[in-house]
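Reading through the structure tokens given below for one structure.
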Amino acid sequence: MPERVVELANEVSSLTGARVRQIEDVAKRTKLLALNALIEAAHAGEEGKGFAVVAKEVGEISDEVSRISGTLTGELATSLDELDGLGRRLVAEVRGGRLADLAHHMIEIIDRNLYERSCDVRWWATDAAIVDVCADPTDPATACRRLGVILDSYTVYVDLWVADLGGTVVAHGRPDRYAGVLGQDVSGQDWFTRGLATRSGDDFVAVDVRAERRLDDHHVATYATAVRAGGEGGGAPIGVLGIFFDWQRQAETVVQGVPLRGDEVSRTRCLLVDADHRVIAASDGVGVLRDRFELRAGDRPMGHYTGPGGEVVGFALTPGYETYAGLGWWGVIEQRPPA
């Protein structure tokens, strides 16, 4: 692990410092002994002159050892500081690269999932029961049953709504669960106006995640397209189909399912943010649809950086999938350093 490089640098620094201090201590003791020997040689007079020469040499050697020790300390400090810095940069690069890869994998899963939603809305808009209720909304029962059957098979949706050209909901799939949806005016909602403006049956619109009041404030990702006369791709619009993907449940599965090591879980936050960096999913559930993440991606579609608190942030821009270009969303993983 790259963290081991930093640990080894610290261990070498600590060990080297201890050994240098031992050398300095020996040098000081030798110097003191040499000084005492010179004093005793002076007391001995002529008989101590030879011993004084040896004591002086020992003192000079002690001084030389002290100088070498001081030089070694300075040289090692510079090298160890550089090793420590390199180790920390290596840690950031390895960890950051891994987090960026995980962020890319996370947003890619979302893209593939939402691509399927874009296929669903275009397919279901051609269903005979949905086309018929737009052409004649006086008897919505058949369309409601059909939408209910779809919902039973596709459990990733909260509800499916069909609105006529005026924006009145004429059928939906869960009247027993969401009473009052039928007859609601949705003409001012983004998914309806944009869905109605689609040019052909090949087109769809995707709306950013929001809490839908009429669906008990579920967090939904909404997809829409025009329902066309005869169910033909080039037919004139006669209504709009809006499908409400159960974003909260599905997104939580993705952000909480990122493969992290055991020691990483408590200090890592996995996020999905929209094009405005609004948090639309978070592994800790904090700030969803409320907070904005200060993402510093610059012009990079994928990468990583180290934040002011030492946290490493990996990020990846939606790559899109097939005919789904994405909405400019990001996968983001923020990891604090080990304690």
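Specify the residue that is nearest to ALA92 (Cα to Cα); the eligible residues are those in the range 307-339 that are in a strand (DSSP E or B) and at pLDDT below 90. Within the range 307-339, the match that is nearest to ALA92 (Cα to Cα) is TYR321. Of everything in the range 159-179 that's touching a residue at least 60 places away in the same chain (Cβ under 8 Å) and hydrophobic (A, V, I, L, M, F, W, C), which residue is nearest to PRO237 (Cα to Cα)? Applying the filter and picking the extreme gives LEU165.
For (1) polar (S, T, N, Q); (2) under 20 Å from GLN250 (Cβ atoms), each residue gets a yes or a no:
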| position | (1), (2) |
| --- | --- |
| SER266 | yes, no |
| CYS270 | no, yes |
| VAL273 | no, yes |
| ALA282 | no, yes |
| GLY285 | no, yes |
| VAL288 | no, yes |
| ARG292 | no, no |
| TYR305 | no, no |
| GLY309 | no, no |
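For the range 303-318, a residue qualifies if it is surrounded by 14 or more Cβ atoms within 10 Å (Cβ to Cβ) and either without any contact (Cβ under 8 Å) to a residue 12 or more places away in the chain or over 11 Å from the mean Cα position of the chain (by Cα) (or both), and the qualifying residues are TYR305, THR306, GLU311, THR318. When the residues of the range 149-189 are filtered to those that are in contact with a strand residue (DSSP E or B) (Cβ under 9 Å, 6 or more places away or on another chain) and of a type in the set (D, E, K, R), the one that is nearest to ASP132 (Cα to Cα) is ASP164. Within the set VAL286, VAL265, the sole residue that is modelled with pLDDT of 95 or more, over 12 Å from the mean Cα position of the chain (by Cα), within 22 Å of PRO338 (Cα to Cα) and not small (Gly, Ala, Ser) turns out to be VAL286. With the structure loaded, tell me whether VAL220 is surrounded by 14 or more Cβ atoms within 10 Å (Cβ to Cβ) and either over 17 Å from the mean Cα position of the chain (by Cα) or of a type in the set (S, T, N, Q) (or both) or whether it fails that test. Yes, satisfied. Of everything in the range 180-194, what is under 22 Å from ALA236 (Cα atoms) and of a type outside the set (Phe, Trp, Tyr)? Give them in sequence order. If the condition is that a residue be under 22 Å from ALA236 (Cα atoms) and of a type outside the set (Phe, Trp, Tyr), then ASP185, VAL186, SER187, GLY188, GLN189, ASP190, THR193, ARG194 are the ones that fit. Checked against (1) crowded, with 16+ Cβ neighbours inside 10 Å; (2) under 30 Å from HIS277 (Cβ atoms); (3) of a type outside the set (S, T, N, Q); (4) in contact with a His (Cβ under 9 Å, 6 or more places away or on another chain), TYR178 meets all criteria but (2). Looking at (1) in a loop (DSSP other than H, G, I, E, B); (2) at pLDDT 95 or above; (3) in contact with a Lys or Arg (Cβ under 9 Å, 6 or more places away or on another chain), which is the one condition that is false for VAL158? VAL158 satisfies every listed condition except (1). Among residues of the range 114-140 being of a type in the set (A, V, I, L, M) and at pLDDT 95 or above, the one that is surrounded by the fewest Cβ atoms within 10 Å (Cβ to Cβ) is ALA128. Number of residues in the range 108-140 that are touching a helix residue (DSSP H, G or I) at 6+ places or on another chain (Cβ under 9 Å) and outside any loop (DSSP other than H, G, I, E, B): the value is 14. Only a single item in (1) touching a helix residue (DSSP H, G or I) at 6+ places or on another chain (Cβ under 9 Å); (2) in contact (Cβ under 8 Å) with a residue 60 or more places away in the chain; (3) closer than 13 Å to VAL158 by Cα is not met by THR222, and it is number (2). Within the range 251-268, the residues that satisfy the criterion of being within 18 Å of VAL288 (Cα to Cα) and surrounded by fewer than 19 Cβ atoms within 10 Å (Cβ to Cβ) are GLU252, THR253, GLN256, GLY257.
The values are calculated or read from the model by the stated rules, or taken from the named source; none is laboratory data. Every value quoted in this text rests on a predicted model; they were computed, and no experiment measured them. Heads up, the Cβs are rebuilt from the backbone with ideal geometry, glycines too, and the neighbour counts pull from every protein chain shown.
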